[in-house]
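Accompanying notes for the structure given below.
Taken together, the values in this text are just the output of simple stated rules run on the coordinates, not laboratory data. Only a predicted model underlies this, so the values are computations on that prediction, with no experimental measurement involved. Here the Cβ positions follow ideal geometry from the backbone for every residue, glycine too, while neighbour counts run over all protein chains shown.
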Amino acid sequence: MADFVALLGTKGGPAIRPGSTNPTSSLLSLSGQRVVVDCGLGVTRGLVDQGMQLRDINQIVITHLHSDHYLELGPLLHTAWTAGLKTPVEVWGPEGLADYWRHFLASMRFDIDIRLADEGRPDLEGLIRFHVVTPGEDFRIGPLTVVALAVEHPPVPAFAYRFEGGGKAVVFSGDTAHFPPLAEFAADADLLIHEAMLGEALPALMARIGNGDDRLMKHWLRAHTLASDAARIATAAGVKALALHHLIPSDDPAYGEAEWLAGIRDQWQGPFHLGRDGLRIDV
Ligand SMILES: [Zn+2]
Ligand SMILES: [Zn+2]
């Protein structure tokens, strides 16, 4: 199996509009292990479009509990179950995911009980295992070593993840403000996937959303990273390639590839991938 990262959903934030891309989710394939990283809206379709059988999912990692990163976790697991899942799935992330899952199961109890009795499906609840991640402590996902870093994404506890296997390393920033310790965390990685926004595009985005106040603008500025700063992290880390996702904005025709390239050009000169839904990046 090839080593790659497929960006399934690449927009920042939970809302979608006509013509929109999907909120955040990715598929990492490294050393023969596949890992779903974040489960924003669209993750199930995105995985299928990558040719993945949902019944083969066995590892999911969540960066933090903003809905654009886990809204579709329950629907993904439920759909995988109806698609033939019968082996355990490990779900890693911050505190709170098991609680989400319990309530998801309760909300779907009618359907699940019918499928258990009427279709002879295996016990869904028993297949899914949750693990609370401790930043700085390595954990194993099959052949991979994974470590989390607590990043700066107030007011939500949020993690970056570094995946290593077969002599390669891939780092996801998760959602974070410009966070210089990420450079050391991502040192020499083969690929850094960093969230990014374009500051000059934010006022127009505020106007399009229409129902936030200046707290939304303040949230963006203190909890997310400008493209130029993401590029700075990549250069300081000495990574081999940089990809940007969780793009803010994602649906403004005034801000296309040229504007994103202009945003990073002064700080990053290496291989670069601007995220779009379905983009597969070889590692
Ligand atoms: Zn987000
Ligand atoms: Zn977030």
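Listing for the model above:
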item: The range 134-283 - Rg (one decimal) and Dmax (whole number), Cα, Å; result: 15.6, 47
item: In range of the label at residue 178: residues from the range 193-215 whose backbone nitrogen is under 14 Å from the point 7 Å along Cα→Cβ; result: 196-200
item: Amide H contacts of residue 151 (H built 1.01 Å from N, under 5 Å, at least 5 apart or other chain); result: 158, 159, 160
item: Packing-based exposure ordering (other Cβ within 10 Å, fewest first) of 151, 48, 171; result: 48, 151, 171
item: DSSP bridge orientation in the range 63-174 - percent antiparallel, rounded to nearest 5; result: 75 percent
item: Whole-percent pair-distance distribution, where bins are 5 Å wide, for the alpha carbons of the range 78-123; result: 5, 18, 26, 26, 17, 6, 2, 0
item: Spread of Cα-to-Cα distances over 5 Å intervals beginning at zero, given as percent, for the range 165-214; result: 5, 16, 20, 16, 13, 11, 9, 7, 3, 1
item: Gaussian network model of the chain, Cα within-10 Å springs - most flexible of 155, 122, 94; result: 155
item: Intensity falloff of the chain expressed as log10 I(q)/I(0), Debye formula with alpha-carbon point scatterers, at q = 0.08, 0.14, 0.15, 0.17 Å⁻¹; result: -0.32, -0.97, -1.11, -1.40
item: Efficiency of FRET from Cβ geometry, residue 138 and residue 104, R₀ 30 Å, rounded to 0.05; result: 0.55
item: Cα Rg, Dmax, the range 29-87, angstrom units; result: 10.9, 30
item: Relative contact order %, the chain, counting alpha carbon pairs below 8 Å whose residues are six or more apart; result: 20 percent
item: Highest-MSF residue in the chain out of 212, 13, 165 [GNM, Cα springs under 10 Å]; result: 212
item: With eigenvalues of the C-alpha gyration tensor scaled by 5 and rooted, the range 1-142, Å; result: 22, 18, 17
item: Span from the the range 208-250 Cα centroid across to the the range 60-138 one, whole angstrom; result: 29 Å
item: Candidates 218, 240, 168: whichever shows maximal mean-square fluctuation once the chain is modelled as a Gaussian network with Cα springs under 10 Å; result: 218
item: Percent of Cα-Cα distances greater than 18 Å, calculated over the range 71-164; result: 53 percent
item: Residue 240 paired with residue 118, simple spin-label distance in nm, labels 7 Å along Cα-to-beta-carbon; result: 5.1 nm
item: With Cα atoms, 0 to 90° folded angle of helix 73-82 axis to the chain main axis; result: 40 degrees
item: Length-normalised contact order for the range 60-163 - Cα pairs under 8 Å, 6+ apart - percent; result: 30 percent
item: Kirkwood Rh, angstrom, the range 176-262 [1 / mean 1/r, Cα pairs]; result: 13.6 Å
item: Cα-based helix-to-principal-axis angle, 97-107 vs the chain, degrees rounded to 10; result: 50 degrees
item: Within the chain, percent of DSSP bridges classed antiparallel, to nearest 5; result: 55 percent
item: Loop GluC sites (Glu not before Pro), the range 52-136 (other Cβ atoms within 10 Å of the site Cβ: 13 or fewer; DSSP); result: 95
